[in-house]
Each structure stands twice: as C-alpha cells, then as structure tokens.
Amino acid sequence: MIAPTKHHIAGSSPIRFSYKPAGLARTMMAHLAYQPLLPTGNKYLQQKWDKTSYDLHRGKVKSAKPTINTSPPKTYVHLAVKLKKQKLEEEWTMKIQRENNMLLEKISHIKRTTGGIDSKNYYDRKSLGKEKQQLELLRITKENQMILSRLSQCRSHYNLRSWNEDWLKTLKVMDSIARYPRGRTNNKRDKKTPLRSTMIVIKKKR
C-alpha cells in the first residue's frame with residue numbers, strides 16, 4: 001500500500017511516498033472493530049486492558065491447584081512386590097527340582113544296573129479267605145467219600161431171577177401172537193442167553 005506523506009506544492013521538493021505492509025495496517029486498525037462490554041472513550045486502550053486482564057485470568061487458571069486431590073494413591077513397595085509369594089514360589093520350584101534330580105538319579109542307576117527288584121511274578125496269591133476255602137473243600141471231600149462208601153455197600157432191591165422169568169413169559173407171548181413163528185436158531189439162542197435182549201420185528205398185516 002502506498003500512502004503519500006506530503007502533498008505536492010508548486011515550487012516545493014518532489015513528493016515522497018512511504019510503503020507500509022497491508023497486514024500491519026490491518027493490525028493497527030483492528031481496535032476499531034472491537035466491541036467492549038461497557039461504554040468507553042478509547043477502544044484501543046480498552047482492548048489492551050481487556051486483553052491484559054484476560055491473559056492474567058488465563059495464567060491464574062493454569063496455575064490454580066484443585067481443591068480435590070485426584071492424583072492416584074501412593075504405591076507401596078510391599079504391595080507391588082510380594083516377597084512372601086516369591087519366596088514360596090522359589091521354595092516350591094526348588095522342591096520340584098530336587099525331586100526331579102532324585103528321580104533322574106534312580107532311573108540312571110536302574111539303567112546302569114539290572115535293578116534291585118525282581119520283576120518276575122513268581123509268588124503265591126494271597127487271599128483273606130484261603131483258610132476258610134480249604135476247610136470247606138475238606139468238608140465237601142469227606143461228604144463225597146461217605147456217599148461213595150454208601151453206594152458201594154448198598155445192595156440191589158431188584159430180583160434178577162424174577163426179571164428173567166418175566167422176560168421168558170414175554171417171549172412166549174410174542175411167539176404166540178406173531179404171524180410167523182421164529183426158527184429153531186432163535187429158540188436155541190434165546191435158551192442159551194435168556195438175559196440177552198432180542199429185537200423182534202412184528203410185521204404188520206397188509
């Protein structure tokens with residue numbers, strides 16, 4: 001923006017112009033657009049006073065401390081780091097490691113040697129009722145022997161002679177009712193062996 005500093009006058013020195021940036025002129029004229037809350041005689045000074053008071057207010061707000069403590073509570077070391085729990089875990093780990101080492105030594109010893117335990121199952125089976133079972137077995141054996149002796153000493157109640165006579169009578173009846181009498185060979189065989197059972201086939205009448 002070009003603004004003349006002196007007007008041209010006849011016979012005077014040439015006109016001199018001063019160059020001012022547009023942004024600077026706009027800043028110098030900004031107070032004219034300022035609208036104060038209260039009536040004032042000088043807008044420029046009133047704007048500077050209001051800006052100073054506002055900056056002071058913002059500085060107080062930034063430096064103000066809260067009346068309520070919103071900071072996190074203090075962290076205690078004995079609560080964050082539980083030494084007792086760590087100690088118990090270390091002891092438990094050491095115990096497990098010790099037992100594992102013992103087991104490893106036993107296994108290696110068994111591999112190096114044949115072992116001190118016989119793995120063969122040659123042993124008698126033990127039972128709580130073994131004696132009772134043996135007594136029961138003896139009782140049953142005695143009873144069986146007594147029954148056997150009774151059967152061996154017992155005599156027959158049937159008469160073999162009467163059976164033989166009945167069988168001869170039966171043969172005679174069969175010969176009498178048969179269509180064709182038996183031959184002499186059969187009669188002789190029957191007389192020689194009367195107790196032997198013979199099969200007789202009765203032919204049906206056609």
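Given the C-alpha centroids of the range 64-87 and the range 127-169, what is the distance between them in whole angstrom?
First find each Cα centre; the distance between them is then 99 Å.
Report the full-extension gain for the segment residue 140 to residue 68: residue separation times 0.36 nm, less the Cα-Cα distance, to one decimal in nm.
Values: separation 72, 0.36 × 72 = 25.92 nm, distance 9.97 nm.
Here the segment from residue 140 to residue 68 would lengthen by 16.0 nm.
Expected output is a single nm value to one decimal: the length gained when fully extending between residue 147 and residue 43, i.e. 0.36 nm times separation in residues minus the C-alpha distance. What is it? Working shown, then result.
On the way: separation 104, 0.36 × 104 = 37.44 nm, distance 14.55 nm.
Contour length minus the Cα-Cα distance gives 22.9 nm.
Rounded to the nearest 0.05, what FRET efficiency do residue 50 and residue 76 give with R0 = 41 Å and r taken as the Cβ-Cβ distance? Could you check?
Details: r = 51 Å, r/R0 = 1.23.
Between residue 50 and residue 76 the formula returns 0.20.
Order of 38, 32, 168 from fewest to most other C-beta atoms within 10 Å? Write out the running numbers ahead of the final one.
Details: 38 6, 32 9, 168 13.
Least crowded to most crowded, the residues run 38, 32, 168.
Between residue 60 and residue 87, what is the label-to-label distance in nm when each label sits 7 Å out along the Cα-to-Cβ direction?
Label at residue 60, label at residue 87, 5.7 nm between them.
What list of ³J(HN,Hα) couplings, whole Hz, do you get for the range 62-73 from phi and the Karplus terms 6.51, -1.76, 1.60, once you set θ to phi - 60° and write x for glycine and proline?
Result, rounded to whole Hz: 5, 8, 6, 9, x, 6, 10, 7, 9, 6, x, x.
Taken together, the values in this text are just the output of simple stated rules run on the coordinates, not laboratory data. All values reported here derive from a predicted model rather than from experimental measurement. Every residue, glycine as well, gets a Cβ built from its backbone with ideal geometry; the counts of neighbours run over all protein chains shown.
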